[in-house]
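> Have a look at this one before I ask anything.
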Amino acid sequence: SCIIGMIIALEEQKAKGKEIPNEFITSLKTSLMGPLSGVGDTIFQGVLIPILLAICIDLTLKGTIWGAIIYAVSIIAIAWGMSYANFMFGYRAGADAIMDFLEKGILNKVLKGAEIMGCMVMGGLISNYVKMHVALQIVSSTTTFSVQEQFLDAVMPNILPFGFTMLVYYLMKKGFSSLKIIGFIVIMGILGGALGILG
């Protein structure tokens, strides 16, 4: 939106008689698409959407339809509001302000803040939605020892979801594709359930 507003402002100035080469407008548009779309994707898809989904999914799981309605209305309002604000910023500020924005390193600060916020959101989602439970029990003549409750939960609650998340992260860092990781999770779930290890 910001780039479109800026390009329209330049085209408008050119139509009024200012000497602005066509190549300048085209090269400016193509050179800014990468950096600015990185900011937009990080903030919108990496921070805002997961936060909204986390809130609205919890509302929906409690048996109310308001979670879905709030999400639909909020996402449309945020997308429209951000698009309009960015378009007007690009239109009013023009190329100089955007280049200044990039040169001063504001872009890197915004991206860093969005990455930190995204990590916090993902951490919250992992603790709420990744569930693992060991069904193994050691039975003796006098007592039954639950591996999950009396050992794993005693050492650190939710250690299995945390460890499994770190395993998936490790596989991603090693270059495994998302399809291979999903296949691994499915196979591990089937084998764990069939052998009575996971419950």
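> Consider only pairs whose beta carbons are under 6 Å apart and that are at least six residues apart or on different chains; among these, list those whose first residue lies in region 159-173 and is more than 12 Å from residue 123 (Cβ to Cβ) and whose second residue is hydrophobic (A, V, I, L, M, F, W, C) and outside any helix (DSSP H, G or I).
Qualifying pairs under 6 Å: 160/132; 164/132.
> Would you say residue 54 is part of a helix (DSSP H, G or I), over 16 Å from the mean Cα position of the chain (by Cα), in contact (Cβ under 8 Å) with a residue 12 or more places away in the chain and over 15 Å from residue 4 (Cβ atoms)? If you could, list the steps in order and put the result at the bottom.
Values: part of a helix (DSSP H, G or I): yes; over 16 Å from the mean Cα position of the chain (by Cα): no; in contact (Cβ under 8 Å) with a residue 12 or more places away in the chain: yes; over 15 Å from residue 4 (Cβ atoms): yes.
No, not satisfied.
> Please enumerate the residues belonging to region 143-192 that are part of a helix (DSSP H, G or I) and of a type in the set (Ser, Thr, Tyr). Talk me through it step by step, then tell me what you get.
Taking region 143-192 and keeping what is part of a helix (DSSP H, G or I), we get 147-155, 159-173, 178-192.
Matches in region 143-192: 165, 169, 170, 178.
> Scan region 22-39 and report the pairs whose first residue is in the same structural domain as residue 83 (by TED's automatic domain parsing) and whose second residue is small (Gly, Ala, Ser) and surrounded by 15 or more Cβ atoms within 10 Å (Cβ to Cβ), with Cβ atoms within less than 6 Å and a gap of 6+ or a chain change.
If the second residue must be small (Gly, Ala, Ser) and surrounded by 15 or more Cβ atoms within 10 Å (Cβ to Cβ), the pairs left are 28/95.
> Now, a different point. Conditions first: (1) free of Cβ contacts under 8 Å to residues at least 12 places away in the same chain; (2) in a helix (DSSP H, G or I); (3) closer than 30 Å to residue 128 by Cβ. Residue 43 passes all but one, so which condition is the exception?
The one condition residue 43 does not meet is (1).
> Scanning for something in contact with a Leu (Cβ under 7 Å, 6 or more places away or on another chain) and modelled with pLDDT of 85 or more, does region 53-64 turn up at least one residue?
From region 53-64, those in contact with a Leu (Cβ under 7 Å, 6 or more places away or on another chain) are 54; that's our starting set.
Narrowing further to those that are modelled with pLDDT of 85 or more: none.
Checked region 53-64: no residue is in contact with a Leu (Cβ under 7 Å, 6 or more places away or on another chain) and modelled with pLDDT of 85 or more.
> Turning to a different aspect of this structure: When the residues of region 65-93 are narrowed to those that are aromatic (Phe, Trp, Tyr) and either touching a strand residue (DSSP E or B) at 6+ places or on another chain (Cβ under 7 Å) or modelled with pLDDT of 90 or more (or both), which ends up surrounded by the fewest Cβ atoms within 10 Å (Cβ to Cβ)?
So the first thing to find is which residues in region 65-93 are aromatic (Phe, Trp, Tyr), and the list is 66, 71, 80, 84, 87, 89, 91.
Imposing the further condition that a residue be either touching a strand residue (DSSP E or B) at 6+ places or on another chain (Cβ under 7 Å) or modelled with pLDDT of 90 or more (or both) reduces the set to 71, 80, 84.
Working: 71: 18, 80: 10, 84: 12.
The extreme case among them is 80.
> Can you work out which of the residues in region 11-33 that are under 24 Å from residue 80 (Cβ atoms) and not acidic (Asp, Glu) is surrounded by the fewest Cβ atoms within 10 Å (Cβ to Cβ)? Steps first, please.
Quick first cut of region 11-33, residues under 24 Å from residue 80 (Cβ atoms) only: 11-12, 29, 32-33.
With the extra rule that they be not acidic (Asp, Glu), the set shrinks to 29, 32-33.
Details: 29: 15, 32: 20, 33: 11.
For region 11-33, the residue satisfying everything is 33.
> Sticking with this one: Return the residues of region 119-154 that are closer than 23 Å to residue 189 by Cα and of a type in the set (Val, Ile, Thr); say none if nothing qualifies.
Across region 119-154, the qualifying residues are 126, 130, 134, 138, 147.
> Out of (1) more than 30 Å from residue 3 (Cα to Cα); (2) at pLDDT 80 or above, what's the single condition that is false for residue 126?
All conditions are met except number (2).
> Shifting gears a bit: Here is a check on your reading of the model: is residue 46 touching an Asp or Glu at 6+ places or on another chain (Cβ under 8 Å), within 25 Å of residue 85 (Cβ to Cβ) and modelled with pLDDT under 80? Give the derivation first.
Numbers: touching an Asp or Glu at 6+ places or on another chain (Cβ under 8 Å): yes; within 25 Å of residue 85 (Cβ to Cβ): yes; modelled with pLDDT under 80: yes.
Yes.
One line per residue, one yes/no per condition, for (1) aliphatic (A, V, I, L, M); (2) touching a Gly at 6+ places or on another chain (Cβ under 9 Å); (3) modelled with pLDDT under 90; (4) more than 19 Å from residue 129 (Cα to Cα):
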{"residue": "155", "(1), (2), (3), (4)": "yes, no, yes, yes"}
{"residue": "159", "(1), (2), (3), (4)": "yes, no, yes, no"}
{"residue": "162", "(1), (2), (3), (4)": "no, no, yes, no"}
{"residue": "168", "(1), (2), (3), (4)": "yes, no, yes, no"}
{"residue": "196", "(1), (2), (3), (4)": "no, no, yes, yes"}
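The values are calculated or read from the model by the stated rules, or taken from the named source; none is laboratory data. Predicted, not measured: the structure shown is a model, and the values here were computed from it. Glycine gets a Cβ as well: all are built from the backbone with ideal geometry, and neighbour counts include every protein chain shown.
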